[in-house]
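Below is one structure; the comments refer to it alone.
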Amino acid sequence: MLKKKIIQPPPRHDHQPLKFPEGFLWGAATSSHQVEGNNKNNDWWEWEQTRPEKMRSGLAADQYNRYAEDFSLAKKLGHNAHRLSIEWSRIEPEPGWFNQEEIDHYVDVLKDLKSKGFTVMLTLHHFTNPLWLSKVGAWENSKTPVYFNNFVAKVVPIFKDYVDLWITINEPGVLVFCDYVLTKWPPQKKSKLALLKATKNLARAHKMAYTTIHELVPNAQVGFANNVSSFESFHKHSIREKAYEWFLDIITDHLFYKATGMEYHDFLGVNYYFNEYISFNGNARLPNIVDIATTKKATSDLGWEIYPEGIFNVLVDLSDYHKPIYITENGLASTNDDRRCRFLISYLQQIYHAMASGCHVKGYFHWSLLDNFEWSDGFDPRFGLIEVDYETQKRTPRPSAYVYQKVIEANGIPHELLKFLGHSIDAKDVLKDL
Ligand code: GCO
């Protein structure tokens, strides 16, 4: 897909409240290993034990025990939808042996969400693999799609009454890239062959799971969560940078759609975090991704650029598939919550304008409901609308949680919150006027 279609660069300032369509889903997202704690039976836990103590997931946010409290808070904060994942390694700790106690636990979790009125989006695989699976090569193994499908076939009939939207696999592209190219995640194996095998097996696993879920729940809504980045050429008029922008867009944003076929997606799940600049320096034969630290651009605590227009661009790009879209993740690692408030309003503004240009977006799940274990970056990055004090496990909603609540109550961006756009403003001052 060429980014040829940018309809109209959206306005930077809006003067009217921005109204979202009736029935829009507003929620937040988490994943089991990042919030539950004590997920001892997966490849991540094993790998974490080789790392310094503060980089291990440990008790995480203890959501395994505190889910009811967390969902009550989300409800109080106005959310009408929630995205979460179940932990395969708890449910199937040995191949073919399903732990009834853990199944019952997740039934309780899902029932709790439903009894509180949430629309539930359930992820079946979010990065972690049961230990028994990693011992046989995890996604490199051509049998893994079958193992995953057995797990799916087991759990879907049990959970189906409490789930509205199914995500088969979270970010398969990020998983293979971090495991086999960057080698910053387990199994930290630099291998092009492993990369290819895992890509193929993940695509096959998605297709099999999609088919199985539809056999069991004929009107199910099934997709996967794709990490979609926006790319820009650093030098506006460089043709070779433009060409490379197109190439990167295909291999990162569209590869898994091509590999699976669009008939295996009832909707597109979009995780949006990254805008990358492509640059050719001097006579270099290959382009490089500009190190954002060398520019003056605003970034998160993880050094990821804050670029709301990027989400507009990817939505317009993806609208060519003519499928409904859910923003399955979007958020900011920051200890500065005023920045998160501005982030939230400015990204929602761009989503609004993408919708006004014809993109069919049906919901937004902020990453994340609460602070959690950010994989190889440990606990320092703070993504939560709700702050977690890891010493006491106390939850405290941040001002951004209340700003989001105002958005949800208004089903859009009320005029007062448009003040955040382009201004460094204290959230508390804005909130007290509302
Ligand atoms: C991912 C995952 C989440 C992350 C979040 C922030 O995108 O890597 O889905 O597990 O925590 O995206 O990096």
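Laboratory data are not the source of any read-out in this text; all were calculated from the coordinates shown. A quick note: this is a predicted structure, and the numbers were derived from the prediction, not measured. In this analysis, Cβ positions are derived from the backbone assuming ideal geometry, glycine residues included, and neighbour counts consider all displayed protein chains.
Computed quantities for the displayed model
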{"item": "Ranked Leu344, Leu122, Leu369, Leu182, criterion: other C-beta atoms within 10 Å, fewest first", "result": "Leu182, Leu122, Leu344, Leu369"}
{"item": "Cβ-based charge dipole, the range 11-108, positive-most Cα from Asn99, Thr50, Gln34", "result": "Gln34"}
{"item": "Residue among Ala356, Ala220, Ala205 with the largest mean-square fluctuation in a Gaussian network model of the chain, springs linking Cα atoms under 10 Å", "result": "Ala356"}
{"item": "Lys, Arg +1 and Asp, Glu -1 on Cβ, resulting dipole of the chain about Cα centre, debye, nearest 20", "result": "1000 debye"}
{"item": "Interchain or long-range residues, amide H under 5 Å from Ile306's placed H", "result": "Ala298, Thr299, Ser300"}
{"item": "Contact order relative to length of the chain, as percent, for alpha carbon pairs under 8 angstrom and 6 or more apart", "result": "20 percent"}
{"item": "Proximal aspartates and glutamates relative to Lys19, as straight alpha-carbon distance under 15 Å, when same-chain residues fewer than 8 apart are discounted", "result": "Glu409, Glu416"}
{"item": "Rg(Cα)/(2.2 N^0.38 Å) for the chain, N = residue count", "result": "0.94"}
{"item": "Taking Arg56, Arg398, Arg240 and counting other C-beta atoms within 10 Å, the order from fewest to most", "result": "Arg240, Arg56, Arg398"}
{"item": "Amide H partners (placed H, <5 Å) of Trp367, local residues excluded", "result": "Ala29, Asn330, Gly331"}
{"item": "Most mobile of His82, His322, His15 in a GNM of the chain (Cα contacts under 10 Å)", "result": "His15"}
{"item": "Members of Lys200/Lys258; Lys189/Lys297; Lys135/Lys190; Lys114/Lys207; Lys116/Lys432; Lys76/Lys116 lying beyond 21 Å, as alpha-carbon distances in this model show", "result": "Lys189/Lys297; Lys114/Lys207; Lys116/Lys432"}
{"item": "Relative intensity, log₁₀ I(q)/I(0), of the range 76-227 from a Debye sum that treats every alpha carbon as a point, q = 0.17 Å⁻¹", "result": "-0.98"}
{"item": "Exposure proxy order (Cβ contacts within 10 Å, fewest to most) of Cys178, Cys341", "result": "Cys178, Cys341"}
{"item": "Separation of alpha-carbon centers, the range 147-165 and the range 390-404, rounded to whole Å", "result": "32 Å"}
{"item": "Gaussian network model of the chain, springs between alpha carbon atoms under 10 Å - residue of Gly269, Gly261, Gly27 with greatest fluctuation", "result": "Gly261"}
{"item": "Kyte-Doolittle at least 0.0, axis length at least 18 Å by Cα - qualifying DSSP helices, the chain", "result": "144-159"}
{"item": "Charge dipole of the chain about the Cα centre (unit charges at C-beta), most positive-ward option of Pro287, Pro218, Gly384", "result": "Pro287"}
{"item": "Dipole moment magnitude, nearest 20 debye, the range 246-293 about Cα centre, only Lys, Arg, Asp, Glu C-beta charged", "result": "220 debye"}
